[in-house]
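What follows draws every value from the coordinates through simple rules; no lab data is involved. Because the structure is predicted, anything quoted here is derived from the model rather than measured. Heads up, the Cβs are rebuilt from the backbone with ideal geometry, glycines too, and the neighbour counts pull from every protein chain shown.
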Amino acid sequence: MIDFRSDTVTQPTAAMRDAMMAAPLGDDVFGDDPTVNALQETLAARLGFEAGLFCPSGTMSNLCALMAHCGRGDEYIVGQEAHTYKYEGGGAAVLGSIQPQPLENAPDGSLPLDKIAAAIKPDDPHFARTRLLALENTIGGKVLPQDAVQATQALARRHGLALHLDGARFFNAVVASAPDAGAHASALAETERQLAAGFDSISICLSKGLGTPAGSVLLGSTTLIRQALRARKMLGGGMRQAGLLAAAGLHALEHHVIRLAEDHHHAGLLATHLRSIPALTVEGPHTNMVFVRIPGGALAPLTAFLKEQGILIFPSPRLRLVTHLGISTASIHHTGEAFAGFFRQAV
């Protein structure tokens, strides 16, 4: 099946599976799994942080960060559309006793500075203590504008707030932002550091476009990571021979970052196909995501028709189609032809 539901459906490549099976292992709860340690150290050094912590999922990695930054009764400012607020089961409040203060995202995914400033609570026992500001890159497939990020960071610093970045698709943002990313690894490395700069912590997801079977790495100072390690233990995230998974992450960092440009190209190609269909309104592409407005009444039959053609989607009136390493150029053309065929029948 050609699966556009998410880039989380990627399967480990044969080379990644070989790397996993060859990985030296230890007990990560004791801190002696050499492959986990290598992943944490490699990614921390690559993005300019002191330390890293491997977690089973991005949800846990984000929650460990929030719990490391905030205590009971503290507050973090976050976007209404951010994953940590909307799609992670309310974990900050339920498990961390942290109050979220959600703000409406601007169309480009950023948080308006005036809304942030207005949301910061005064030092008064009537209010939760505003401790942290969390951003997400990419969000809805969009790369946060770097000038907006830097302005947001400056505002947070003036108010004494820490900064966390949910790097759900951080390397998609890097590849989309780097000049000539497909040709020069040095351009990627410089852009990685630029997009990571100014944050106190970043969660880097490995199981989306990078194609690993599981895992995220939280990056921060040695002190923050020590606090996050305690949170990971409480949340049940301590794994034993986790090097099997960490090896996939190391392989992905070496081999799967530059190839994200192919996913972005495929998203653009798919958007071109879909824009040729008068019944559809197409947004994007935003990195590896294309959004399509489906006419009323067409969604259910379209979903069934596409499945018959070997194409999987998450049905939604604003349909999100996500490209990834499991989707080839031929698959994109087939999908475009399938959409066109359905709407020819529907007319």
Check your understanding: How high is the relative contact order of the chain, in percent, with contacts defined as C-alpha pairs under 8 Å that are six or more residues apart?
Key -> 25
Review point. What lysines could a cross-link reach from LYS208, if we take a straight Cα to Cα line under 30 Å and drop same-chain neighbours fewer than 8 places away?
Key: LYS86, LYS142, LYS233, LYS307
Revision key, fill the gap. Once Lys and Arg are counted +1 and Asp and Glu -1 for all other residues with Cβ under 10 Å from that of LEU219, the total becomes -1
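At 10 °C and 1.306 mPa s, grab the translational diffusion coefficient of the chain from Stokes-Einstein with a Kirkwood Rh over Cα pairs, rounded to a whole number in µm² per second. If you can, show how the numbers build up before the last one.
Details: Rh = 21.0 Å.
Translational D for this selection: 76 µm²/s.
When the helices in the chain are scored as -39500 (n - 2.57) per DSSP H run of 4 or longer and the sum is shared across all residues, what 222 nm value do you end up with, to the nearest 500 deg cm²/dmol? Numbers along the way, then the final one.
Values: 14 runs with 152 residues, N = 347.
Per the formula, -13000 deg cm²/dmol.
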Review point. Looking at region 1-77, which chymotrypsin sites (Phe, Trp or Tyr not before Pro) are in a loop (DSSP not H, G, I, E or B) and have at most 10 other Cβ atoms within 10 Å?
Key: none
Review point. Taking the Cα atoms of region 1-144 alone, what are Rg (to one decimal) and Dmax (as a whole number) in Å?
Key: 18.5, 57
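Report the local net charge at THR281: Lys and Arg +1, Asp and Glu -1, summed over other residues whose C-beta lies under 11 Å from its C-beta.
Working: positive: ARG275, ARG293, ARG318; negative: GLU283.
Summing Lys/Arg as +1 and Asp/Glu as -1 gives +2.
Using alpha carbon coordinates only, what is the Rg to Rh ratio of region 260-346, with Rh defined as the Kirkwood radius? Present the calculation step by step, with values, prior to reporting the outcome.
Details: Rg = 11.8 Å, Rh = 12.8 Å.
We get a ratio of 0.92 for region 260-346.
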